[in-house]
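Q: Below are the structure tokens for one structure; questions will follow.
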Amino acid sequence: MRFLTLLAGMILTLPQIASAAQNVTTFRLDNGMEAVVIEDHRAPVVTHMVWYRTGAADEAPGKSGIAHLLEHLLFKGTLYREPGEFSRLVAANGGSENAFTSYDYTGYWQRVAADRLELMMELESDRMRNLVISDEDVATERDVVLEERNTRTENNPGALFSEQRMAALYLNHPYGIPIIGWKHEVSALTRDDALAFYQKYYAPNNAILIVAGDVDPEYVQALAEHYYGQLEPSRGLEPRQRPGEPPQIAERRLLYADTRVSQPYVIRTYLAPERNPGDQKPAAALTLLAELLGGSGLSSVMGQKLQLDDKIAINVAAFYDGLSLDRSGFGLVVVPAEGISLQQAEAAMDKVLAEFLDSGIDADHLDRLKAQILAAEIYAEDSVQGIARRYGEALTSGLGVEDVAEWPSVLHSVTGDDIMRAARALFDRRQSVTGWLMREPAEAEQ
């Protein structure tokens, strides 16, 4: 407690210190590629990342899963490299690598000794424009993706439940389609589908280079100009335009029963605003609201009432992630105790929300949460790769470098009144989906 009290006293100055500790340089190549260099000279290593401003939410109708399948295919060959040679070279140089696909971005990274940075740029710039894939490659990786879906989704009742909830929350927006894709659509994806997506979106003017670690920005820029700067941009690539959500005027409810469910629970997700450049305070208020309601264990509002006082729940949670290009979601979860029905759990959750909206926020609780969040921001500085990822996620979600730097200060500036206004605007049941995950259908009748 003394540590948190000290942090609370320092909170006015530490956000500025934490941001200043990140020595960040930016530049843009003539072909439109953006770059961020984050200096950290504590160890002679570097993280090299390329982020594309495209993900599952940019797929054509009926082609769900193509962004993720293409991520797999980028580890095949190019005009100048044999299939698998990319990964063999990274490993031979003592490095590690991986890739990831989300709704708004696809990213590729390597972590190597700082003197191997040039090789990583050579390899990554090659596959940005020179991918070579066969029908056999696509068939093989498509089967890998389908098996991944079987393992992570089809055999996981919670994952199936989550897919159904997302599809209900977004009436029109592609965030309602799973990143890995619907099984029947993934099964039909072809080489032509992969190449069409690749040729449109994998281009320097749709990419962000992030280099973090023991590097000199001028050297990084010289390498980037040599390897990435020679690549042709995609012509006619317009800013992303996605279907918007119509007015949501009806509450939705979802009941899903599966004999494999080990622990039933209630979850409600509300449509929520995202973080926006230059106007991050609404998202900051929702971030703190999630922490107040259920993000800090038994000390949270729901934890104190439902777990400690009333013994209705064995676990509670609240979550919100504003890092998305379009509207996000805010969720509440209650896992009922033995002998408590899902109906009782939901009613208890609603009672806590009503009391919270009526009574407001405990100022000391809010101060402690701000101190904890600040501490987490400071500790995050220890991970160079984590910092690089923070910038990549933000920039591909429509934010700028300055927004990333300002985020701790924005969080600190949020008041209790800001949070309550955000809560009252958010908790509209007409813009929500309430789901029950059950072992048996009979649970819905309890």
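The values are calculated or read from the model by the stated rules, or taken from the named source; none is laboratory data. On a predicted model such as this, the values are computed, not experimentally measured, just so you know. Don't worry about glycine lacking a Cβ; one is built from the backbone with ideal geometry, like all the others, and counts go over all protein chains shown. For the accessible areas, the whole protein counts, side chains as well, though only heavy atoms, and no ligand, DNA or RNA atoms are used. Shrake-Rupley method; radii C 1.70, N 1.55, O 1.52, S 1.80 Å.
Q: Taking 0.36 nm per residue of sequence separation and subtracting the Cα-Cα distance, how much length would be gained by fully extending the chain between ILE314 and ALA188, in nm to one decimal?
A: The span from ILE314 to ALA188 would gain 41.1 nm if fully extended.
Q: Starting from 0.36 nm per residue, how many nanometres of slack lie between ALA114 and ALA167 once their C-alpha separation is accounted for?
A: Roughly 14.7 nm would be gained on extension.
Q: What's the magnitude of the charge dipole for the chain around its Cα centre, counting Lys and Arg as +1 and Asp and Glu as -1 at the beta-carbon? Answer in Debye, nearest 20.
A: 780
Q: For ASP367, put the label point 7 Å out on the Cα→Cβ axis and report which residues of the stretch 412-429 keep their amide N under 14 Å from it.
A: 416, by backbone N distance to the label point.
Q: Which residues' amide hydrogens lie under 5 Å from the amide hydrogen of ILE314, considering only partners 5 or more residues apart or on another chain, with H built in the peptide plane?
A: VAL335, ALA337
Q: Quick one: how many lysine pairs in the chain have C-alpha atoms under 18 angstrom apart, if they're 8 or more apart or on different chains?
A: 5
Q: In Å and on Cα atoms, what radius of gyration and Dmax does the stretch 165-308 show?
A: Every Cα atom of the stretch 165-308 included, Rg and Dmax give 22.3, 62 Å.
Q: How far apart, in nm, are the 7 Å Cα→Cβ label points at SER413 and ASP358?
A: 3.4
Q: Now for a separate question. Once you put a point 7 Å from the Cα of ARG28 and another 7 Å from the Cα of ALA159, both along the Cβ direction, what distance in nm separates them?
A: In this crude spin-label approximation the distance works out to 4.0 nm.
Q: Under 5 Å between amide hydrogens, which residues at least 5 positions from VAL45 or on another chain qualify, with H placed 1.01 Å from N in the peptide plane?
A: Distant-sequence amide H within range of VAL45: ALA114, ASP214.
Q: Take HIS226 and ARG421, extend 7 Å from each Cα along the Cα→Cβ direction, and tell me the distance between the two endpoints in nm.
A: 5.3
Q: Pick from LYS351, LYS305, LYS281: which residue has the top mean-square fluctuation in a GNM of the chain where Cα pairs under 10 Å get a spring?
A: Comparing LYS351, LYS305, LYS281 in the GNM, the peak value goes to LYS351.
Q: If you stretched the chain out fully between LYS200 and ARG430, how much longer would it get, using 0.36 nm times the residue separation minus the C-alpha to C-alpha distance?
A: Result for the pair: 79.0 nm of gain on full extension.
Q: While we're looking at this one, here's another question. Given N residues in the stretch 153-193, what is Rg(Cα) / (2.2 N^0.38 Å)?
A: 1.28
Q: Still on this model: Please give the solvent-accessible surface of SER262 in Å², to the nearest 10, using a probe radius of 1.4 Å with every protein chain present.
A: Around 90 Å² of this residue is reachable by solvent.
Q: So how much accessible area does ASP367 have, in Å² to the nearest 10, using a 1.4 Å probe?
A: Result for ASP367: roughly 80 Å² accessible.
Q: Tell me, what is the FRET efficiency for VAL144 and SER299 to the nearest 0.05, using R0 = 60 angstrom and their Cβ-Cβ distance as r?
A: Computed FRET efficiency for VAL144 and SER299: 0.90.
Q: Pop the C-beta distance of LYS281 and ASP216 into the FRET formula with R0 = 41 Å and round what comes out to the nearest 0.05.
A: 0.70
Q: Over the Cα atoms of the stretch 368-446, Rg to Rh with Kirkwood Rh, two decimal places?
A: 1.15
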